[in-house]
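The values are calculated or read from the model by the stated rules, or taken from the named source; none is laboratory data. This is a predicted model, so every value here is computed, not measured. As a convention, Cβ positions derive from the backbone with ideal geometry for all residues, glycine included, and neighbour counts pool all protein chains shown.
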Amino acid sequence: MTATPRSFVVGLVALAGLVACSASDGDRAPFESSSTSPTSAGSVEPSPSPSRAPAQTRPAETGEPDAGPTPSTCANAPSGSACGVAPQCGCPAASTCDVASDDGRTACVPAGRFVRGAPCTSTVGCGVGLTCVFGTCHSFCATPGTACGEAGTGACVQVDRTAGVPIPGFAVCRTACDLRDAAACGGTNGAGTGVCTSDEQGGTDCVVGGPRKVNEVCTTEDCGPALVCVLGASGAPSTCKRWCRVGTADCGVGVTCRAFAPKVTVSGVEHGVCP
């Protein structure tokens, strides 16, 4: 028996329109990713695209952009900027070079403590070298459409303005995470709870999840870590189910991990949900 997923396709497609937060929020407009994941007809519904990130409390780390050293000290700094993002250069210790505006200008901002994949409301909450984009901390990268070489990362994707216009020099690595691991995306902090999600091509990323627990009624991104919202049978409401690997004992001895249609395969391993 296969499970019909309602909203596992909540990778970068569903994240379109989330607000870009940095220490210079007034300059950087809402954005989206140019990476799209086609949805198979029939059993899979695309997740709705929120127009803005939910209101969240700014992490304790705050501060104004640091002017940093002169542009000549950093070879990959955009014209008129003091630092470069990929690779990071031109900023003092314990600071991050972040994209500060739609035209790709950069600025040094104080770094925080949140790890890659953890929820965030601004770059000042993320660790050194990470930016707050799509609601979670991400690593920068230089070449969209290629695989990021850094451990724990996936594909490099271009970040666009909401109008679909690429922001120059702004690309980030998707986060490689384990769908079954409740702590894979930084757990819970003041900005929310991180959840690992997958698209139909098996690419993973961290997003901000919801409060719903196993077997609770859900819609799209309501479910907590290691869970996914699945359509109920015969008109029954959608409920949160626990991720598992098909053909394993992840759900317990004698309990079958139910496969999705179409299949959800991450790193060569087919995933499904426990009953």
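The table that follows gives values for the structure above.
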| read-out | value |
| --- | --- |
| Strands (runs of 3 or more DSSP E) within the stretch 94-160 that include 1 or more residues more than 24 Å from Ala82 (Cβ to Cβ) | 136-139 |
| All positions within the stretch 221-246 that are assigned to a strand (DSSP E or B), over 18 Å from Asp199 (Cβ atoms) and not charged (D, E, K, R) | Thr239, Cys240, Cys244 |
| Pairs, first under 19 Å from Ser198 (Cα atoms) and in contact (Cβ under 8 Å) with a residue 12 or more places away in the chain in the stretch 151-174, second of a type in the set (Asp, Glu) and part of a strand (DSSP E or B), C-beta under 8 Å, six or more apart | Gly154/Asp205; Val159/Glu32; Arg174/Asp205 |
| Restricting the stretch 105-149 to residues that are surrounded by 20 or more Cβ atoms within 10 Å (Cβ to Cβ) and hydroxyl-bearing (Ser, Thr, Tyr), the residue that is nearest to Gly186 (Cα to Cα) | Thr136 |
| Close pairs from the stretch 175-204: first closer than 16 Å to Thr121 by Cβ and in a loop (DSSP other than H, G, I, E, B), partner at pLDDT below 90 and not β-branched (Val, Ile, Thr), Cβ under 7 Å, at least 6 apart | Gly190/Pro59; Ala191/Gln56; Ala191/Pro59 |
| Cys185 being surrounded by 21 or more Cβ atoms within 10 Å (Cβ to Cβ) and either among the polar types (S, T, N, Q) or over 19 Å from the mean Cα position of the chain (by Cα) (or both) | no |
| Test: Ser267 is more than 25 Å from Thr121 (Cα to Cα), in contact with a Lys or Arg (Cβ under 7 Å, 6 or more places away or on another chain), small (Gly, Ala, Ser) and touching a residue at least 24 places away in the same chain (Cβ under 8 Å) | no |
| Residue check, Ser139 among the polar types (S, T, N, Q) and touching a Lys or Arg at 6+ places or on another chain (Cβ under 7 Å) | yes |
| Subset tally (residues that are of a type in the set (S, T, N, Q) and within 17 Å of Leu179 (Cβ to Cβ)) for the stretch 240-261 | 1 |
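Quick grid of which residues meet (1) of a type in the set (Gly, Ala, Ser); (2) within 23 Å of Cys240 (Cβ to Cβ):
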position: Gly169; (1), (2): yes, no
position: Cys177; (1), (2): no, yes
position: Asp181; (1), (2): no, yes
position: Cys185; (1), (2): no, yes
position: Gly192; (1), (2): yes, yes
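Conditions (1) of a type outside the set (S, T, N, Q); (2) closer than 26 Å to Ser79 by Cα; (3) modelled with pLDDT under 95, marked per residue:
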{"residue": "Val128", "(1), (2), (3)": "yes, yes, no"}
{"residue": "Gly135", "(1), (2), (3)": "yes, no, yes"}
{"residue": "Gly145", "(1), (2), (3)": "yes, yes, yes"}
{"residue": "Arg161", "(1), (2), (3)": "yes, yes, yes"}
{"residue": "Ala176", "(1), (2), (3)": "yes, no, no"}
{"residue": "Leu179", "(1), (2), (3)": "yes, no, no"}
{"residue": "Gly187", "(1), (2), (3)": "yes, no, yes"}
{"residue": "Thr197", "(1), (2), (3)": "no, no, yes"}
